[in-house]
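This report refers to the structure that appears directly beneath it.
No value in this document is a laboratory result; all are computed from the given coordinates. This one's a predicted model, so the numbers in the text were calculated from it and none came from an experiment. Using ideal geometry, Cβ is built from the backbone for each residue, glycine included, and neighbour counts are taken over all protein chains shown.
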Amino acid sequence: MTTWRTLPDAEAVARAACERIAEAAGRAISQRGTFSLVLAGGTTPARAYRLLRASEQDWAAWSLYHGDERCLPVEDEQRNSRMVETSGLLATGARHYPIPAERGAEQAAADYSRTIAQVMPFDMVVLGVGEDGHTASLFPGRAFAGEAAAIAVHEAPKPPPDRVSLSLAALQACREMLVLVTGEGKRSAVTAWRSGESLPIARVAAVPQATVLVEQALLEES
């Protein structure tokens, strides 16, 4: 079901992502008057967001959400919400709905579930992939199914241990899904994913509206 598109390098992935997001925004605004975008963290998504910032968009119609967040103080540079600020997207006038992870995982998950309840399905969800095949803060070996749109995550294998993530169902509740995969460290995850292993990213992206933008080198034999 998932569509794979290969690109020469990380910069090409970021540029293609920028184009796909802008196209999705145009369609959504034309059809519904608004564009709801779920953002991923990571280097390649951040580059795509900076490219978007430099483009001409109907920013007043954009609403920005997050796929996950670390339970850290608001000003901490490791927060995904801070990445959105440094990318320049907030300077556009787009509406921003950060996950209030500073309140603690359980409270933030409950609050964010209410925030996004009336928004889904999102117009587009952007995801990255970790070296272990995790996406958002859904990690291998964890149960992350459930009815809540946002869930509390504890004892994450990467610091900080406490996080908030959109659930599998919430991430899949979208008109389009875009997965960005770059960097040599992702090779094992991509190989496992394409061979059929039940990684979190494989489960989340197992929907017909998902497109993977992947660096060509990761599909070549090492």
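Does Arg114 qualify as being surrounded by fewer than 17 Cβ atoms within 10 Å (Cβ to Cβ) and under 25 Å from Ile21 (Cβ atoms)?
Working: surrounded by fewer than 17 Cβ atoms within 10 Å (Cβ to Cβ): yes; under 25 Å from Ile21 (Cβ atoms): no.
No.
Are any residues in the range 26-43 within 15 Å of Val212 (Cβ to Cβ), surrounded by fewer than 23 Cβ atoms within 10 Å (Cβ to Cβ) and either in contact with a strand residue (DSSP E or B) (Cβ under 6 Å, 6 or more places away or on another chain) or hydrophobic (A, V, I, L, M, F, W, C) (or both), and if so, which ones? Correct list: empty. The conditions of being charged (D, E, K, R) and under 26 Å from Val212 (Cα atoms) are met by Glu85. Before we move on, is Ser63 closer than 28 Å to Leu168 by Cβ, touching a strand residue (DSSP E or B) at 6+ places or on another chain (Cβ under 9 Å), among the small types (Gly, Ala, Ser) and free of Cβ contacts under 8 Å to residues at least 60 places away in the same chain? Yes. Cβ-Cβ contacts under 9 Å between residues 6 or more apart (or on different chains), taken from a first residue in the range 186-204 that is under 21 Å from Val38 (Cβ atoms) to a second residue that is aromatic (Phe, Trp, Tyr), are listed as Leu199/Trp193; Pro200/Phe139; Pro200/Phe144; Ile201/Trp193; Ala202/Trp193; Arg203/Phe144. Of the residues Glu23, Glu56, Glu75, the single one that is surrounded by fewer than 19 Cβ atoms within 10 Å (Cβ to Cβ) and either among the basic types (Lys, Arg) or part of a helix (DSSP H, G or I) (or both) is Glu23.
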